Amino acid sequence: MNLNNIRKIIKKGVIVENEPMARHTTFRAGGPARYFISPANTSELAGLVRYLFNNGIEYYVIGNGSNMLVSDEGYDGVIIDLGSRDGTEFTLLGLDDSSDPVKFEAGAGSLMSNLGKLMLKFSVTGFEPLSGIPGCIGGALAMNAGAYGGEMKDIVTGASAVDPEGRQMHLSKEELDLSYRHSAVQDKRLIVTKVEFELHRGEAEKIKALMDEYTSKRREKQPLEFPSAGSTFKRPEGHFAGKLIEEAGLRGYCINGACVSDKHCGFIINKGGAKASDIYELICYVRDKVCENSGVMLEPEVRMLGRFD
Ligand SMILES: Cc1cc2nc3c(=O)[nH]c(=O)nc-3n(C[C@H](O)[C@H](O)[C@H](O)COP(=O)(O)OP(=O)(O)OC[C@H]3O[C@@H](n4cnc5c(N)ncnc54)[C@H](O)[C@@H]3O)c2cc1C
């Protein structure tokens, strides 16, 4: 890859070489990205994707890295980062009217928690169940993230994106095709730049009470004191992954620093010094043991990037 050409496209954004992905994933594991590029706006992003497409260079987009496992060898391509730098077009959040329903757009690199704070400030209801998800808005849309009976699908009306050839496009809600931890964003390898929401006016005290309740539930049930990527596996139809893992006798089971959480068996945590290979080995071990014990084949929710043997 010719960096001088990339520098002609990424003028305000930032380019870093050999950036450790352990710094950018909530598992705190994983080797370096050959190039880690944070575009400052959609025009830089589209230009970059077009250049990578025309030159056959591999790339992968990340938000907050809260649902990612990158291999210890790292990623020999370009990580396009929309979430780690403040002050880009992707981290803009704003509400500009006082009508009901409340319709607004949010940058794909904004944290869900920051959107939650904005919703509380302007007394907008409907986002409370999602406000504790530790990802960016673009990642949450790509995953159709959900919690406590709510999911992105309930509140999103459309999105702007860049396609794999660097073309800017708009998707309606129908075109986003959101379902359990799935979206057309993933199928079509799109990069979300902005998400459109429709919510309603509410009462600040009720909104705060709900957000506090969900935060307490997370603190009580989830091992938030350790690095993880949340629920490691998708919820299998008719079951709970955590329960199946517990029934397979794997509560607290470790491979080096990677462990099945004692507090919530659905979480694999990094208890200290776990390599991506330890986490991966544990994911495979848990999947096999659960299948032996219950006949249910768990499917990882966590996205894996790089080589895992
Ligand atoms: C403690 C903890 C609790 C969690 N709780 C929940 C929960 O309650 N519910 C839930 O659903 N998830 C939960 N998660 C998982 C994770 O936070 C969500 O999946 C989140 O939406 C991922 O967002 P992200 O920005 O971190 O995405 P990343 O991890 O950076 O990326 C995840 C996927 O989305 C893609 N992606 C990211 N940004 C974009 C973009 N702009 N355009 C296109 N694709 C993109 C990536 O390519 C990748 O495939 C939890 C994780 C942790 C660590």
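Rounded, prolate or oblate: which one fits region 3-81, using the alpha carbon gyration tensor with axes a ≥ b ≥ c (rounded when a/c is under 1.5, else prolate when a/b beats b/c, else oblate)? Verdict is prolate for region 3-81. Here the sum of -39500 (n - 2.57) over DSSP H runs of 4 or more residues, divided by the residues of the chain, equals -8500 deg cm²/dmol at 222 nm, to the nearest 500.
Given a cut-off of 27 Å, name the pairs among Lys173/Lys275; Lys103/Lys217; Lys153/Lys263; Lys103/Lys206 whose C-alpha atoms lie farther apart than that in the structure shown. Where the Cα-Cα span goes over 27 Å, the pairs concerned are Lys173/Lys275; Lys103/Lys217; Lys153/Lys263.
Please give the net charge around Glu73, taking every other residue with its beta carbon less than 12 angstrom from that of Glu73, where Lys and Arg add +1 and Asp and Glu add -1.
Summing Lys and Arg as +1 and Asp and Glu as -1 gives 0.
When the Cα centres of region 275-298 and region 9-79 are compared, how far apart do they sit, in Å? Taking the Cα centre of region 9-79 as reference, the centre of region 275-298 is 28 Å away. Protection proxy ranking of 53-60, 298-305, by the mean of other Cβ atoms within 10 Å over each peptide's residues and highest first, is 298-305, 53-60. Here the 3J(HN,Hα) profile of region 176-189, calculated from phi with Karplus coefficients 6.51, -1.76 and 1.60 at θ = phi - 60°, is 6, 6, 7, 8, 3, 6, 9, 8, 5, 4, 6, 4, 9, 6 Hz, Gly and Pro shown as x. Please state the shape class of the chain: rounded when a/c is under 1.5, otherwise prolate if a/b exceeds b/c and oblate if not, all from the C-alpha gyration tensor. It is oblate, given that a/c is not under 1.5 and a/b is not larger than b/c.
Here is the short version for the chain: Cys136, Cys265, Cys284, Cys291 have no other Cys C-beta closer than 4.7 Å. Under a 5 Å amide H cut-off, with hydrogens placed 1.01 Å from N, Val102 pairs with Leu199, His200, Arg201 among residues at least 5 apart or on other chains.
Taking Pro236, Pro134, Pro223 as the candidate residues, the one with maximal mean-square fluctuation in a Gaussian network model of the chain, Cα springs under 10 Å, is Pro236.
Please identify every one of the chymotrypsin sites (Phe, Trp or Tyr not before Pro) in region 144-249 that sits in a loop by DSSP and has no more than 16 other beta carbons within 10 Å of its own beta carbon. Display every interim value, and only then the final one.
Numbers: sites: Tyr148, Tyr180, Phe197, Tyr214, Phe233, Phe240; in loops: Tyr148, Tyr180, Phe240.
Listed in order of number, the matching sites are Tyr148, Tyr180, Phe240.
When the chain is treated as a Gaussian network with alpha carbon springs shorter than 10 Å, the biggest mean-square fluctuation among Gln222, Gln186, Gln168 belongs to Gln186.
Inter-label distance, Ser113 to Ser99: 3.3 nm, where each label sits 7 Å from its Cα along the C-beta direction.
The H on the amide N of Glu19, modeled in the peptide plane, is under 5 Å from the matching H of Ala33, Phe36, each at least 5 residues off or on a different chain. Each residue of region 127-133 was assigned a 3J(HN,Hα) from its phi angle through the Karplus curve 6.51 cos²θ - 1.76 cosθ + 1.60 (θ = phi - 60°); the sequence is 9, 3, x, 9, 5, x, 6 Hz, with glycine and proline shown as x. Evaluating 6.51 cos²θ - 1.76 cosθ + 1.60 at θ = phi - 60° for every residue in region 219-226, the Karplus couplings come out as 4, 6, 9, 10, x, 5, 6, 10 Hz, glycine and proline recorded as x.
Read-outs: derived from the displayed coordinates by stated rules, not from any lab. In this text the structure is predicted, and so the values were computed from the model without any measurement. Note: ideal-geometry Cβ built from the backbone for every residue, glycine included; neighbour counts use all protein chains shown.
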